[in-house]
Structures are given as structure tokens and as C-alpha cells.
1. Going through segment 102-118 one residue at a time, which ones are surrounded by fewer than 22 Cβ atoms within 10 Å (Cβ to Cβ) and touching a residue at least 60 places away in the same chain (Cβ under 8 Å)?
2. Condition first: at pLDDT 95 or above and among the acidic types (Asp, Glu). Can you find one or more residues in segment 84-99 that meet it?
Amino acid sequence: MSELSRRRALVAGAAVTATAGLAALTETTRAAAEPAEVAASPASRASAPAAPGHDHDGPKAFDEVYLGRRIQGGPGAGGHHHGSGYGVFIDGVELHVMRNADDTWISVVSHYDPVGSPRDAARAAVVELAGAPLVPFN
């Protein structure tokens with residue numbers, strides 16, 4: 001078993017420090033850019049009107065053809081929805097989606113590009129797939 005060299009330890013330490021600094025900078029920048037209503041407490045956000053395509057119980061179901069692909073989604077419609085209680089499908093194949101703490105959504109296809117709804121996540125995945133089939137994710 002190889003030992004941890006001084007060089008590897010320094011590189012790992014630098015990477016951790018850089019990541020922590022970037023996260024702090026991103027959070028500071030985001031907090032400064034947020035309007036007052038976005039930075040409001042969770043209690044005040046709960047009484048705010050729902051975003052388009054959403055109701056207070058969560059996002060609405062959808063079934064449409066987008067750029068030639070059939071996208072569908074609905075509450076409890078899938079197997080792996082990471083606690084969101086919402087399933088999304090592209091041409092009948094499940095697209096794994098996850099709801100973030102800030103009520104944005106990401107998918108396994110566009111993981112680093114959060115969007116406002118599962119429908120938007122499905123549309124972003126269709127664009128990213130560029131005609132390629134969605135492969136089942138086990």
C-alpha cells in the first residue's frame with residue numbers, strides 16, 4: 001500500500017481550501033444578488049403565490065412532445081425520484097430528477113444546471129441529449 005506523499009497531501013489540502021473558498025464566495029455573491037422577497041424566511045415563502053407550473057402541493061403533471069420527444073411527469077409517477085415524490089420520463093424512460101433545497105430541480109443529464117420545474121428539467125435533458133436515447137439509470 002502506498003504512503004501519502006507530501007506532494008499529494010499539499011495538493012489535496014490546496015484543493016479543499018480552494019473549494020471551500022469558492023463555495024463561500026458563491027454564497028456571498030448569491031446573497032448579495034437576491035431580492036428581499038427571495039431572502040425571506042421559509043414561513044413567509046410558504047404563503048407566497050406559487051410559481052408558474054406549480055401549485056402549493058408541488059409541480060403540476062405534464063405530458064407533451066418537446067423537440068420531437070415525448071416528455072411526461074407527475075407526482076408519484078416514477079421509481080427513483082430522490083424524495084421529490086415526482087417522476088419524469090423521456091420517451092417512456094425515467095429521467096432521474098431531484099428537487100433542491102431552493103425549490104430548483106436538476107436531472108442526471110443536466111446535473112449542474114438547475115431549473116425551475118421538472119418540466120424544465122425534462123426539456124433541458126432533451127436539448128442536452130440532442131436526439132440520443134436516454135439510457136436507463138439503475
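The values are calculated or read from the model by the stated rules, or taken from the named source; none is laboratory data. Quick caveat: nothing in here was measured; it's all calculated off a predicted structure. Cβ: placed from backbone, ideal geometry, glycine included. Neighbour counts: every protein chain shown.
1. 116, the sole residue that qualifies.
2. yes
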